[in-house]
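J.: One structure follows; several queries about it will come next.
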Amino acid sequence: MTANIRKLIVQVDETRIEMGRPIDPPTRRAVAIAVIANPYAGRYAENLDELIAIGEELGGLLGDKCVQALGITPAQAQSYGKAAIVGEAGELEHAAAILHPKLGAPLRKAVEKGAALVPSAKKLGTLGTAIDVPLGHKDAAFVRSHFDAIEARVADAPRANEIVVAVAVTASGRPLARIGGLEVSEIKGEDGLR
């Protein structure tokens, strides 16, 4: 199954000053969003394989778009996250089908490695509904400097029969992070935790 994509949006958020202090290099986060037709809109289906296949397709597509937008190599990606908003003719499980079974593997390929779980969020919504895409370090969950989120919102989506799917990638942690935890230089990247 190929995703029926109505719209693709890619945004880069770059923080250069925080609390009056220059951020050098700037903190850079990208979010890539696909607005897709929901093949199960308006009906119950026991098997959601079409959405699972779409998730696999979008993991690579949106992950690649984020890395390209940041102008980095896949190895330079530091954090990632995923989220979906299902239009009113769908159900929350439609977002789960896209996000969980198969989206992660191609996203990990797009950012090179990715030992840690990909943080996720899902909700039902209508036109202009926003969702915060949670972020965590791609190789180690205990890196607190990378606990963050970026908002994804499309003014004309999701329509009732659509799903908004968002993937976010960063080139760094939060600006001025200083609450402790595992340092990036200490990451082993073996178990997804440390």
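J.: For the range 13-34, check the following and say yes or no: at least one residue is in contact with a His (Cβ under 7 Å, 6 or more places away or on another chain), in a strand (DSSP E or B) and surrounded by 15 or more Cβ atoms within 10 Å (Cβ to Cβ). Give the derivation first.
T.: Filtering the range 13-34 down to residues in contact with a His (Cβ under 7 Å, 6 or more places away or on another chain) leaves none.
No.
J.: Something else about it: Within the range 105-136, can you find the residues that are under 10 Å from Gly59 (Cβ atoms) and more than 10 Å from the chain's Cα centre (by Cα)? Please lay out each step first, then the result.
T.: Step one: filter the range 105-136 for residues under 10 Å from Gly59 (Cβ atoms), giving 105-110, 118.
The answer is Ala105, Pro106, Arg108, Lys109, Ala110.
J.: Turning to a different aspect of this structure: Only one of these conditions is not met by Ser79: (1) under 23 Å from Ala157 (Cβ atoms); (2) within 17 Å of the chain's Cα centre (by Cα). Which number is it?
T.: It fails just one condition, (1).
J.: Sticking with this one: Kindly evaluate Phe142 against the criterion of being among the aromatic types (Phe, Trp, Tyr) and either at positive phi or modelled with pLDDT under 95 (or both). Can you show your working first?
T.: Numbers: among the aromatic types (Phe, Trp, Tyr): yes; either at positive phi or modelled with pLDDT under 95 (or both): yes.
Yes, satisfied.
J.: Residue pairs, Cβ under 7 Å, 6 or more apart or interchain, first in the range 1-17 and modelled with pLDDT of 95 or more, second surrounded by 13 or more Cβ atoms within 10 Å (Cβ to Cβ) and in a loop (DSSP other than H, G, I, E, B). List them.
T.: Partner pairs satisfying both residue conditions: Lys7/Val154; Lys7/Ala157; Ile9/Val154; Thr15/Pro175.
J.: What number of residues within the range 161-190 are at pLDDT 90 or above, among the polar types (S, T, N, Q) and farther than 19 Å from Ile17 by Cα?
T.: To start, the set of residues in the range 161-190 that are at pLDDT 90 or above comprises 161-180.
Those still in the list that are among the polar types (S, T, N, Q) too: 161, 170, 172.
If we keep only those that are farther than 19 Å from Ile17 by Cα too, we end up with 161.
So the answer is 1.
J.: Go through (1) hydroxyl-bearing (Ser, Thr, Tyr); (2) in contact with a His (Cβ under 7 Å, 6 or more places away or on another chain); (3) surrounded by fewer than 18 Cβ atoms within 10 Å (Cβ to Cβ) for Tyr44 and report which single condition fails.
T.: The number of the failed condition is (2).
J.: Now a separate question. What number goes with the only condition from (1) over 19 Å from Ile98 (Cα atoms); (2) in contact (Cβ under 8 Å) with a residue 40 or more places away in the chain; (3) not hydroxyl-bearing (Ser, Thr, Tyr) that Val35 does not pass?
T.: Against the list (1) over 19 Å from Ile98 (Cα atoms); (2) in contact (Cβ under 8 Å) with a residue 40 or more places away in the chain; (3) not hydroxyl-bearing (Ser, Thr, Tyr), Val35 comes up short only on (1).
J.: If you don't mind, there's one more thing I want to ask. On the basis of being more than 26 Å from Ala32 (Cβ to Cβ), crowded, with 18+ Cβ neighbours inside 10 Å and out of contact with any His (no Cβ under 8 Å at 6 or more places or on another chain), does Leu193 make the cut? Lay out the reasoning, then the answer.
T.: On the way: more than 26 Å from Ala32 (Cβ to Cβ): yes; crowded, with 18+ Cβ neighbours inside 10 Å: no; out of contact with any His (no Cβ under 8 Å at 6 or more places or on another chain): yes.
It is false that Leu193 is more than 26 Å from Ala32 (Cβ to Cβ), crowded, with 18+ Cβ neighbours inside 10 Å and out of contact with any His (no Cβ under 8 Å at 6 or more places or on another chain).
J.: In the range 87-122, how many residues are surrounded by fewer than 20 Cβ atoms within 10 Å (Cβ to Cβ) and among the hydrophobic types (A, V, I, L, M, F, W, C)?
T.: Here the count works out to 7.
J.: Is the range 63-70 home to any residue that is touching a His at 6+ places or on another chain (Cβ under 9 Å) and crowded, with 22+ Cβ neighbours inside 10 Å?
T.: Taking the range 63-70 first, the residues touching a His at 6+ places or on another chain (Cβ under 9 Å) are none.
No, that holds for no residue.
The values are calculated or read from the model by the stated rules, or taken from the named source; none is laboratory data. Source: prediction; values computed, not measured. Ideal geometry is used to build each Cβ from the backbone, glycine not excepted, and the neighbour counts take in all protein chains shown.
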